[in-house]
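Heads up, the thing below is written out as structure tokens.
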Amino acid sequence: MTRKATRRDLLKGAALSGVSYFLTGSTKSLAEENASKSPNEKMNVAVIGIGGRSRGILNEGVKAENIVALCDVDENRGKATFNEYPKAKKFRDFRNMFDAMHKEIDGVVVCTPDHSHCIPAVTAMRLGKHCYCEKPLGNTVWESRMMTEAAKENKVATQMGTQIHSLDNYRRVVEKIQAGAIGPVREVHVYSGAKYRGTLPTEFPPAPEGLDWDRWIGPAQYRPYSNKICPFAWRGFWDYGSGGLGDFGCHYGDLAFWALNLKYPLTCEAEGPEVDPVVTSIGLTVRYTFPARGDMPALKYTWYDGDERPELIKQGKVDNWGSGVLFIGDKGMLHSNYSKHVLLPEEKFADYQAPEPTIPKSIGHQKEWIVACKTGSPTTCNFDYSGALTETVMLGKAAYRSGKKIDWDPVNLKAKGCPEADQYLRPNWRPGWSI
């Protein structure tokens, strides 16, 4: 018996045909492969975690679709979004949402705190849902790899929320670095002035009415509610975030990864204040080494947060922009932040002619994902790319917490000869939570 193709069949078919094209090198164009699909047809989107960054994601490119389900453990923080989409079904637990609506949902946006990205995202992808997830993908190396593998195995369209990737400035930097403007790059320094350190709670009042604290804790080990953790200070606790490294390591590291074709590091070591087992630290320096890639030489990559800075900035030879990326090549330097970049020394590059742009202007970070869900077109921060970036960030967290230099085995996710790091490479989820 035949049946009429549904809207979901068309959307899923479009994505699968696009994946086939990019994996097999089909001679047909995507337009030909997807000629029977309508990119103008709206997709059904569910949003998990609607009280913070999700409002920006909705407004920047997702709200034009059918928002069919909204999920948040905090009725108060979610109230404005719940009210804005009165037709969307409302949930407190994403598991209940999938039980009730998995056949109706095409794509899922995950905007929860870092420690609760992995389980709902992997659950969604295993159900065949396309996934947009805020950065970092996971709160550990292992979670990030599970996200990458779930996306690949289920052939879904994915995008990590490093929205700066879609601005023109990053594109021009990538073009100049890859065109050899400063010659082979052997060092890159990535720094952020972010300062996150939690304060250990001493009082534990009842959670505010409307907040389901047990569900907010999710897979992490239980601790009583404190306003020193929720709603935003959670980034200062290892169980839920990774301090400045976890918040901005993906944003600024993204530029280095893109321009220098990075994947997995060979080694990682970190230093900073004395490690606290519960709260994050301010002032980390994390050093990675990467192998040669094609005609690009081996690389030393260093991360700094808080008041730590590259030596050239400390010496006053390069301006301190608060946060940025400093590429050091054989023929000069390039310094960039989100919105601007400069070749150094400036007098040497006074007559420099930039290469013609080769990276097209982005249609919008969220829009990239929406179009990919419908047509199978690529996204620039899919989970294969952004998974490796997040793993590198989280490896720095493991090196710092273990106090050991890590010789990294990315195939088996093992710190060779460093058992002290094992406990920090994957999460310690409480019973009842798994993927």
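The values are calculated or read from the model by the stated rules, or taken from the named source; none is laboratory data. Bear in mind that the values here come from a model prediction, so they are computed numbers and not experimental data. Don't worry about glycine lacking a Cβ; one is built from the backbone with ideal geometry, like all the others, and counts go over all protein chains shown. Protein only, heavy atoms only, side chains kept; ligands, DNA and RNA dropped before computing areas. Shrake-Rupley method; radii C 1.70, N 1.55, O 1.52, S 1.80 Å.
Observations on the model:
- With each label modelled as a point 7 angstrom along the Cα→C-beta vector, the Thr267-Ala354 pair spans 3.7 nm.
- Surface composition of the chain: carbon plus sulfur atoms hold 51% of the accessible area, using a 1.4 angstrom probe and ignoring ligands, DNA and RNA.
- Given the choices (i) 224; (ii) 206; (iii) 158, volume of the Cα convex hull per residue in Å³ derived from the coordinates of this structure is entry (iii).
- Spin-label model, Lys89 to Arg430: label points 7 Å out along the Cα-to-beta-carbon direction sit 2.7 nm apart.
- Proximal lysines to Lys228, defined as alpha-carbon separation beneath 16 angstrom and excluding residues fewer than eight positions away on the same chain: Lys195
- Computed label-point distance, nm, for sites Gln315 and Lys414 using a 7 Å Cα→Cβ extension: 4.1 nm
- Segment 369-435 versus segment 63-78: alpha-carbon centroid distance in Å: 28 Å
- Backbone phi angles across segment 193-208, fed through the Karplus curve with coefficients 6.51, -1.76 and 1.60 (θ = phi - 60°), yield HN-Hα couplings of x, 4, 10, 10, 8, x, 10, 4, x, 10, 10, 9, x, x, 4, x Hz in residue order; Gly and Pro are listed as x.
- Listed peptides 77-83, 128-134, 427-433 appear in the order 128-134, 77-83, 427-433 once ranked by packing, highest mean of other Cβ atoms within 10 Å at the front.
- If you take all other residues with their beta carbon under 13 Å from the beta carbon of Val122, and give Lys and Arg +1 and Asp and Glu -1, the sum is +2.
- The protection proxy used here, the mean number of other Cβ atoms lying within 10 Å of each residue, ranks peptides 282-291, 195-204 as follows, highest first: 282-291, 195-204.
- For segment 293-309, 3J(HN,Hα) computed residue by residue from phi via the Karplus equation (6.51, -1.76, 1.60; θ = phi - 60°) reads 10, x, 8, 8, x, 4, 10, 9, 10, 10, 10, 9, 9, x, 9, 6, 8 Hz, glycine and proline entered as x.
- In the context of the full set of protein chains, residues of the chain present 43 Å² of accessible surface per residue (probe radius 1.4 Å, heavy atoms only).
- Phi-derived couplings, Karplus 6.51 cos²θ - 1.76 cosθ + 1.60 at θ = phi - 60°, listed residue by residue for segment 278-287: 10, 9, 6, 10, 10, x, 7, 10, 10, 10 Hz, with x used for Gly and Pro.
- When peptides 215-228, 57-70 are ranked by their average number of other Cβ atoms within 10 Å per residue, the highest-first order is 57-70, 215-228.
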